[in-house]
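First comes the structure, then the notes that go with it.
The values are calculated or read from the model by the stated rules, or taken from the named source; none is laboratory data. The shown structure was predicted, so the numbers you read here are calculated from the model rather than taken from an experiment. So basically every Cβ, Gly included, is an ideal-geometry build from the backbone, and we count neighbours across all protein chains shown. Only protein heavy atoms, including side chains, enter the accessible area calculation; ligands, DNA and RNA are left aside. Shrake-Rupley method; radii C 1.70, N 1.55, O 1.52, S 1.80 Å.
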Amino acid sequence: TTAVDIAISGPKAVVLCDATAGNLNIALPAAALAKRMVVKKIDVSANTVTVDASLGEVIDGALTKVLTTQWESIEIVSDGTSWFIIQ
């Protein structure tokens, strides 16, 4: 669980985000170095959690994915060059 901006490292991760104190930025590792990530917003605040792809890579064609509501999440997988939302 995190309440601060982080850069994910490692091939797999589940990140629970508490944005109560402010908007959060979650930086993904390079798609070539990772396989599967889950990011979930767990707080009820109006603050956002922005999931940011690495160095011009994309998440379903976009540079970022923004989570805005409590319990919203994305599960993403890498093909080695891009990220794809599977849930």
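Here are some notes:
- Residue check for LEU28: of a type outside the set (Lys, Arg), more than 19 Å from TRP83 (Cα to Cα) and crowded, with 19+ Cβ neighbours inside 10 Å: no
- Qualifying residue in the range 65-78 (condition: in contact with a Gly (Cβ under 8 Å, 6 or more places away or on another chain) and open to solvent by less than 80 Å² (accessible area, probe 1.4 Å)): no
- Taking the listed residues VAL39, VAL66, VAL51, the one that is without any contact (Cβ under 8 Å) to a residue 24 or more places away in the chain and assigned to a strand (DSSP E or B) is VAL66, with no other qualifying.
- Which listed residue is on the phi > 0 side of the Ramachandran plot, modelled with pLDDT under 95 and not in a strand (DSSP E or B), from GLY22, GLY10: GLY10
- If you go through the range 69-87 and keep only what is part of a strand (DSSP E or B), more than 13 Å from ALA30 (Cβ to Cβ) and hydrophobic (A, V, I, L, M, F, W, C), you end up with ILE74, ILE76, VAL77, PHE84, ILE85.
- Filter result (over 11 Å from SER82 (Cβ atoms) and small (Gly, Ala, Ser)) within the range 31-62: ALA34, SER45, ALA46
- When the range 39-69 is filtered for residues that are in contact with a Lys or Arg (Cβ under 9 Å, 6 or more places away or on another chain) and more than 17 Å from ASN23 (Cβ to Cβ), the ones remaining, listed by number, are ALA53, ILE59.
- Selection from the range 39-50 of residues that are surrounded by 15 or more Cβ atoms within 10 Å (Cβ to Cβ) and either in contact with a helix residue (DSSP H, G or I) (Cβ under 7 Å, 6 or more places away or on another chain) or hydrophobic (A, V, I, L, M, F, W, C) (or both): VAL39, ILE42, VAL49
- Residue satisfying all of: in the range 14-23; under 10 Å from the mean Cα position of the chain (by Cα) and without any contact (Cβ under 8 Å) to a residue 40 or more places away in the chain; surrounded by the most Cβ atoms within 10 Å (Cβ to Cβ) among these: VAL15
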